[in-house]
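Asks: Provided herewith is a single structure, encoded as C-alpha cells, for subsequent inquiry.
The values are calculated or read from the model by the stated rules, or taken from the named source; none is laboratory data. From a predicted model like this one, the values you see are computed outputs, not experimental measurements. Positions of Cβ are backbone-derived with ideal geometry, glycine not excepted, and every protein chain shown enters the neighbour counts.
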Amino acid sequence: MSLPENFQYEKSFEVGAFQVHPNGNLSLCSLADLLQEIAWKHADSQGFGRNLLEQQLMWALARLEIKVSQFPKWGDALRIFTAGRGQAGAFAFREFLVWNQQEEVVARAMSSWLLVHTEKKRILKPESVLPSSLFNPQAAPDWQPSKLEASGPELAKEILVVQHSDLDLYNHVNHTSYIRWVENIAATRDIFPTSISVNYLTECKALDQVSLTLLGADSSPFIQGRVEGKLVFEAQLKID
C-alpha cells in the first residue's frame, strides 16, 4: 500500500495509560517518544541507524517542531509516518505525520539532525552516511524548524537535577526528557500547549543542575534551560 504525501516508512502504535496527562490527552513528551522510535526504526531499516555506533558516529537532534491539531487519548490507535526531507548544510531533515484510526491528521512534526563523531565531537556531512534516495542533498523542505530567540518577563523558575532516567544510549539527556521538563514547568501556570518548538544547543549529563526559566506570555511562552549559566536548550510553546 502506498503511503501518504511521499512518506517512506510507517509504524502503528496504541496510546498507553502511562503516556497521557490527567485529562486523558497524550503528552507531548510521549508523542516525541513515539516519533523518536519510528525515526530509529526507519534509520535501522536503511542502514544509517544504530549501526553507525560502530563507526563512532551518532545522530544528534538539533531542532524539533511538533504541531498537534487533535490530541490522541488513552487507547487510541495511531499510524505514524516518517520520511527524509532533504538536507541543508550540516542539517538533515526528517518529517513526521500522525493519523488516528479514522485516517485523520492529528499531528505533524519536523526535525533537523546533525551527524556527530562521538569521540572527536566533530560535525560531519550527513550525505556521508545517508542514502540520497531518502535524503536528497540538493533539496531542503520549506518547513524547517526555526532558531528561537526568547524574550519577555520571567513567569516561573525552577532547578532540577538530571537523573539516570533522563539519559539516552549515549549517556546524554534524551531529547524527550527536555520536553517533559518543559511540559511540567508550563503546567505550574496551567499552560497546556498544542505545539512546541525546541532548539537543542549542547549536551546535558547525569547530575547536571539545570536551571529552567519560563518567560514571555502565557499564550506563547519560552523556556530556557541553563547549566552553570550556559544555555543548553530553548523551547517555545503555543496554545491554539
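Asks: For the list (1) touching a His at 6+ places or on another chain (Cβ under 9 Å); (2) part of a strand (DSSP E or B), I need the number of the one condition that residue 237 fails.
Replies: Every listed condition holds for residue 237 apart from (1).
Yes or no, residue by residue, for (1) under 20 Å from the mean Cα position of the chain (by Cα); (2) surrounded by 14 or more Cβ atoms within 10 Å (Cβ to Cβ):
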| residue | (1), (2) |
| --- | --- |
| 46 | no, yes |
| 58 | yes, yes |
| 97 | yes, yes |
| 107 | yes, yes |
| 146 | yes, no |
| 154 | no, no |
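Asks: In segment 112-123, how many are more than 19 Å from residue 199 (Cα to Cα) and either modelled with pLDDT under 95 or surrounded by 15 or more Cβ atoms within 10 Å (Cβ to Cβ) (or both)?
Replies: Number satisfying all stated conditions: 3.
Asks: Which residues, counting only those in segment 118-132, are in a loop (DSSP other than H, G, I, E, B), of a type outside the set (A, V, I, L, M) and under 15 Å from residue 51 (Cα atoms)?
Replies: If the condition is that a residue be in a loop (DSSP other than H, G, I, E, B), of a type outside the set (A, V, I, L, M) and under 15 Å from residue 51 (Cα atoms), then 118, 131 are the ones that fit.
Asks: Here is a further query. Confirm whether residue 176 is of a type outside the set (A, V, I, L, M, F, W, C), touching a Ser or Thr at 6+ places or on another chain (Cβ under 9 Å), under 27 Å from residue 56 (Cα atoms) and modelled with pLDDT of 95 or more.
Replies: The answer is yes for residue 176.
Asks: Which of the strands (runs of 3 or more DSSP E) found entirely inside segment 171-232 contain at least 1 residues meeting this: under 25 Å from residue 71 (Cβ atoms) and of a type in the set (S, T, N, Q)?
Replies: Filter on segment 171-232 gives 195-200.
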